[in-house]
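The structure under discussion appears below in the form of structure tokens.
Nothing in this text is a laboratory measurement; each read-out follows from the coordinates by a stated rule. Just so it is clear, the model here is predicted, and its values are computed rather than measured. Methodologically, a virtual Cβ is constructed for each residue, glycine included, from the backbone with ideal geometry; neighbour enumeration extends over all protein chains shown.
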């Protein structure tokens, strides 16, 4: 029994190696280099060999230890169970310590400008992930064009701030409302679609918005982008090194030395607060009738109809609220960068956000955080090895799919309980 | 004569060239369990789908008589039949929300009431006392029904983890949670064993006689039909071939012919 299994898994892994060779041979192995103004093929067979061996070996090991029916060797379930158990019992403490850590993070001794920038980026993705979690995780609507709402938020913030000179706190809700309107706009035509069909239409919607931004030159300055977006101020006190005559700035008001870090720290807290609001809102709304209706709609739309739940309104609210948070994140992005162009809102952004939600475990708020730290962190770690970043990204996804096929955290807690829940499993 | 709860008049449903229901008229009263029986493909489920707004009937009318109004069900599109007219249904293949808890399933059924109480989510976000009170009431109603089907101890488990028979019963009480005037059950006894089937009969009699909710029943299991239905409508090829009490039906030559064929 065991021997037959071994033989079949060796065969299987050799086959995997063959596929890897067919794929990576031409893509990685054959590289063209310019030599004396002529393009020459310079083969890189060694690296192909390494990749093929890694794939075959990896397949062999997963066959042996993970897909093995013989649970004695199954480590997948044990790892999964211990993670889930740990997070179940220590969930509140972990969340609290994560929040405390993120609050004191800017003042830790090792924190520098680079880390702050990454932290801000991660928080933006976390916020987007939480926003999209409403649409994908709760309502079960696979939205591949989420970046469109991010773009709408960023552009409406930028346009209102540039042309009307309104402050951040006025433009932020406006950007959110605009994004929500676009959410409804997308929602109407896709009401009857589900699954793959919905995914394709939303993907097209994302591209449409980007192309619109690219070509509506009078309004969006097209590929040139919008420049000179006002920087955020600390409740009216700007962050400036050389204030105008008689102008109060942040550092003069508080009697501090000017440092460019002040603005970065302010931006960090801004996105932290925005992200936490998104999180609290989602946690709360999940327990309200509308949140339960979203989840019911994800489970079975026909049953929902038979119970008198209005699927149209329910779906549209999910789209609108998800889009609104995308819009908030977008306006933060605009004020942080001070420059936006359609380049920043390509499909790959949507793909990363969807990856965060799906890898995190659909509907899990903590999962989004873990997946963001994992994915964005990984991309950053591999920043110096530019050409291998995507391989690392793909490899990470493969690993998660092997070990946690339903996402890092895939358990769902009921929104309402009749009995006090004893957490012993 | 007491007024009938449901009057179906000359209902016709045509799918292209196929005449699924042909000029069907029958009625159901509030204090009776009305069964619709017939061989496979007779159009029983199509009748349900027309009644509950999933199909739009080609012709004919369906009236629901409440205390002081007469509603034409044809005017309501899909979810509004449940929301506005109070016609609930279950499905031939159980349609619970499998990954939501038993209690959550029952709470979703009370969605419209709770949605209004939560001020379309805005009051709910701030835990307005009126909403909290309404939600507690909804939980009480859920608990009441769970007690009846004996599933209170499993209220927080996923509905998909329940045994088959319990899922059937849960689907029925979930439909009852929308507080319907008419409950349409599509083969509730399918796949149940004798003991579960007997429990189901008890539950249906309770709903009909104690809760005063009219029941329309599609069933293949003749023991259920004969035991609990007060009135039987027999369909074959979309046409009504017989109606009457359970006993009359059993002895009707037309019904026997439809089920067993004629002797040549």
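The distance linking the stretch A:305-329 with the stretch B:204-264 is 43 Å (Cα centroid to Cα centroid, whole angstrom). Using a cutoff of 8 angstrom between alpha carbon atoms and counting only pairs six or more residues apart, the relative contact order for the stretch B:92-216 works out to 32 percent.
Computed over chain B with a Gaussian network model linking Cα atoms closer than 10 Å, the most mobile of B:179, B:65, B:40 is B:40.
Helix A:2-24 and the long axis of chain A differ in direction by around 50°, with both axes built from C-alpha atoms.
If you look at the Cα atoms of chain B, you get an Rg and a Dmax of 19.2, 74 Å. The tail of the calculated P(r) for the stretch A:119-180 beyond 19 Å holds 38 percent of all Cα-Cα pairs. Based on Cα contacts under 8 Å between residues 6+ apart, chain A shows a relative contact order of 24 percent.
Report the antiparallel proportion of the DSSP beta bridges in the protein assembly as shown as a percent, rounded to a multiple of 5. Show your work: numbers first, answer last.
Details: 29 of 45 bridges.
Of those bridges, close to 65 percent are antiparallel.
If you bin every alpha carbon distance in the stretch B:139-193 into 10 Å steps from zero, what whole percent lands in each bin? In order of increasing distance, the bins hold 22, 55, 23, 0 percent.
Between 0 and 90 degrees, the angle of helix A:261-286 with respect to the longest Cα principal axis of chain A falls at about 70 degrees.
Counting Cβ atoms of other protein chains within 10 Å of each Cβ in B:102-113 and taking the mean gives 6. Taking other C-beta atoms within 10 angstrom as a stand-in for reagent exposure, B:237, A:197 fall in the order A:197, B:237, fewest first. Residue order for B:136, A:413, fewest other beta carbons within 10 angstrom first, comes to B:136, A:413.
Can you give me the relative contact order of chain B as a percent, contacts being Cα pairs under 8 Å and 6 or more apart? Before the final figure, lay out the partial values.
Numbers: 476 pairs, mean separation 71.6, N = 264.
Result for chain B is 27 percent.
Let me know the mean shielding of A:102-111 by other chains, meaning the per-residue number of their Cβ atoms within 10 Å of its Cβ.
Whole-number average of other-chain Cβ neighbours for A:102-111 is 0.
For the residues of B:78-86, the average number of beta carbons from a partner chain within 10 Å of their own beta carbon is 4. The long axis of helix A:347-360 is offset from the longest Cα principal axis of chain A by roughly 60 degrees. Note on the stretch A:371-389 and the stretch A:147-171: Cα centroid distance 30 Å, given to the nearest whole angstrom. Taking every DSSP bridge with both residues inside chain B, close to 55 percent are antiparallel. Taking the centroid of alpha carbons for each part, the stretch A:342-370 and the stretch B:13-28 are 50 Å apart. If I build a Gaussian network model for chain A, linking alpha-carbon pairs within less than 10 angstrom, which residue out of A:172, A:64, A:18 has the largest mean-square fluctuation? Judging by the Gaussian network model, the answer is A:18.
The orientation-averaged projected area of the convex hull spanned by the Cα atoms of the protein assembly as shown comes to 44.0 nm². Once you've got the GNM for chain A with C-alpha springs shorter than 10 Å, pick whichever of A:91, A:225, A:187 has the biggest mean-square fluctuation. Of A:91, A:225, A:187, the most mobile in the Gaussian network model is A:91.
Taking the number of Cβ atoms within 10 Å of each Cβ as an exposure proxy, the fewest-first ranking of A:117, B:147 is B:147, A:117.
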